[in-house]
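The values are calculated or read from the model by the stated rules, or taken from the named source; none is laboratory data. Source: prediction; values computed, not measured. Cβ coordinates were reconstructed from backbone atoms using ideal geometry, including for glycine residues, and neighbour counts include every protein chain displayed. Only protein heavy atoms, including side chains, enter the accessible area calculation; ligands, DNA and RNA are left aside. Shrake-Rupley method; radii C 1.70, N 1.55, O 1.52, S 1.80 Å.
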Amino acid sequence: MTATLMDGNALRDELVAAIRSRIEGAGSPSICLATVLVGDDGPSQRYVKMKHQKAAEAGLASRHVDLPVTATQDEVESVVRDLAADDDVHGILVQLPLPDGLDPEPVIDLIPPEKDVDGLTERSMGRLVRGRPGLVGCTPLGVMRLLERYDVATSGKRAVVIGRSTLVGLPLSLLLARKGVDATVTLAHSRTPDMAAVVREADIVVGAAGQARMITADMVKPGATVIDVGVSRTESGIVGDVDFGPVAEVAGFITPMPGGTGPMTIACLLENTLTAAQLQGAFPA
């Protein structure tokens, strides 16, 4: 492998330690992250458990509400409404997807923007578009932290983000195009003609489409930075959007899957919780 591996686990641990140091330096105020999980999906349960483990390591308090798969729309919304009104809760995360039959949009809309640690509400997205202070989605923020940590140049560079979801693709394209980051961004998707030619022009490639190994070595410019956000469950296990082995022989920097952007999503959830507390005046800026 010729590419430098962008180690999300190592950077996550650095950020967790830094958050703990900041909290201890401020006198260890109680900053609380609340999560809501509906149903018994195994991967979601494990992911939420990891979030709480890392929150404890970072010195954050946490609260979890577990609802059965039979929970009604009203019951889920009532829980989120109560957390939104609780001054002791500084960040709220509703684990998605919700079970079939539940509409996530009214649930998300109940989260105040200053507690929206997933950056999913209309007001949070609007603040991102306007360039105003607010909370940004954890995965897009995690990608930016990786680029910063590994000193990947962005100003004047061509970036291609594959996938236009409101969770990753759209907010990440806005972050990369922000003044001070200054990448020239193309947002590619399933209707993009000649995807290979588009990707081949990029200095920074982000796969966020959820299509297993769709980014192949012949699509990557030599020396490009390749970041894998996509997750696909196959017979051989979890794979990303990047055909890792061959692409690593061409790229300059590359994230593994797993161990790249996933750990950074958790780290930036904790960072967002601290930022949320600052927005609410519960932690010094």
- line: Exactly one of ALA188, ALA183, ALA209, ALA197 is open to solvent by 30 Å² or more (accessible area, probe 1.4 Å), of a type in the set (A, V, I, L, M, F, W, C) and closer than 24 Å to GLY126 by Cα, and that residue is ALA209
task: Would you check if ASP74 is part of a strand (DSSP E or B), at pLDDT 95 or above and either of a type in the set (Asp, Glu) or exposed (fewer than 13 other Cβ atoms within 10 Å of the Cβ) (or both)?
output: no
- line: Taking region 239-285 and keeping residues crowded, with 19+ Cβ neighbours inside 10 Å, within 20 Å of ARG22 (Cβ to Cβ) and among the small types (Gly, Ala, Ser) leaves ALA267, ALA276, ALA277
Answer from ILE254, ILE227 - the residue that is closer than 19 Å to VAL136 by Cα, touching a Leu at 6+ places or on another chain (Cβ under 8 Å) and among the aliphatic types (A, V, I, L, M): ILE227
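Go through region 126-158 and give me each residue that's buried (at least 16 other Cβ atoms within 10 Å of the Cβ), hydrophobic (A, V, I, L, M, F, W, C) and touching a residue at least 40 places away in the same chain (Cβ under 8 Å). Give the steps one after another, and end with the answer.
At the first step, the residues of region 126-158 found to be buried (at least 16 other Cβ atoms within 10 Å of the Cβ) are 127-128, 134-147, 149-150, 152, 154, 157-158.
Cutting the leftovers down to hydrophobic (A, V, I, L, M, F, W, C) gives us 128, 135-136, 138, 141, 143-144, 146-147, 152.
Correct list: LEU128, LEU135, VAL136, CYS138, LEU141, VAL143, LEU146, LEU147, VAL152.
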task: Could you give me the residue pairs with C-beta distances under 7 Å whose first residue belongs to region 253-282 and is touching a residue at least 40 places away in the same chain (Cβ under 8 Å) and closer than 19 Å to PRO43 by Cα, whose second residue is of a type in the set (Val, Ile, Thr) and outside any helix (DSSP H, G or I) wherever it lies, and which are 6+ apart or on separate chains?
output: THR261/ILE227; THR261/VAL229; THR261/THR255; LEU269/VAL117
- line: Across region 114-125, the tally of residues that are outside any loop (DSSP other than H, G, I, E, B), open to solvent by 10 Å² or more (accessible area, probe 1.4 Å) and free of Cβ contacts under 8 Å to residues at least 60 places away in the same chain stands at 3
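Tell me which strands (runs of 3 or more DSSP E) are completely within region 225-285 and hold 2 or more residues being closer than 24 Å to THR154 by Cα and modelled with pLDDT of 95 or more, or say none if there are none. Explain how you work it out, then say what you get.
Values: elements: 225-228, 232-234, 237-239.
Per the criteria, 225-228.
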- request: Pull up region 18-56, narrow it to residues that are part of a helix (DSSP H, G or I) and over 19 Å from the mean Cα position of the chain (by Cα), then point me to the one that is surrounded by the fewest Cβ atoms within 10 Å (Cβ to Cβ).
  value: GLY42
query: Of the conditions (1) buried (at least 21 other Cβ atoms within 10 Å of the Cβ); (2) farther than 19 Å from THR261 by Cβ, PRO68 fails just one. Which one is it?
result: (1)
message: Test of understanding: among THR216, THR225, which residue is surrounded by 18 or more Cβ atoms within 10 Å (Cβ to Cβ) and polar (S, T, N, Q)?
response: THR225
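Within region 208-223, work out how many residues are touching a helix residue (DSSP H, G or I) at 6+ places or on another chain (Cβ under 9 Å) and either part of a loop (DSSP other than H, G, I, E, B) or under 22 Å from MET264 (Cα atoms) (or both). Let's see the steps before the verdict.
Within region 208-223, the first condition is being touching a helix residue (DSSP H, G or I) at 6+ places or on another chain (Cβ under 9 Å), and the residues that meet it are 208-209, 213-221.
With the extra rule that they be either part of a loop (DSSP other than H, G, I, E, B) or under 22 Å from MET264 (Cα atoms) (or both), the set shrinks to 208-209, 213-216, 220-221.
Here the count works out to 8.
Looking for whichever is in contact with a Ser or Thr (Cβ under 9 Å, 6 or more places away or on another chain), closer than 23 Å to ASP116 by Cα and either hydroxyl-bearing (Ser, Thr, Tyr) or in contact (Cβ under 8 Å) with a residue 40 or more places away in the chain (or both) here; the options are ILE23, ILE31. Which one fits? Don't jump to the end; show me each part of the working.
Details: ILE23 fails: in contact with a Ser or Thr (Cβ under 9 Å, 6 or more places away or on another chain).
The match here is ILE31.
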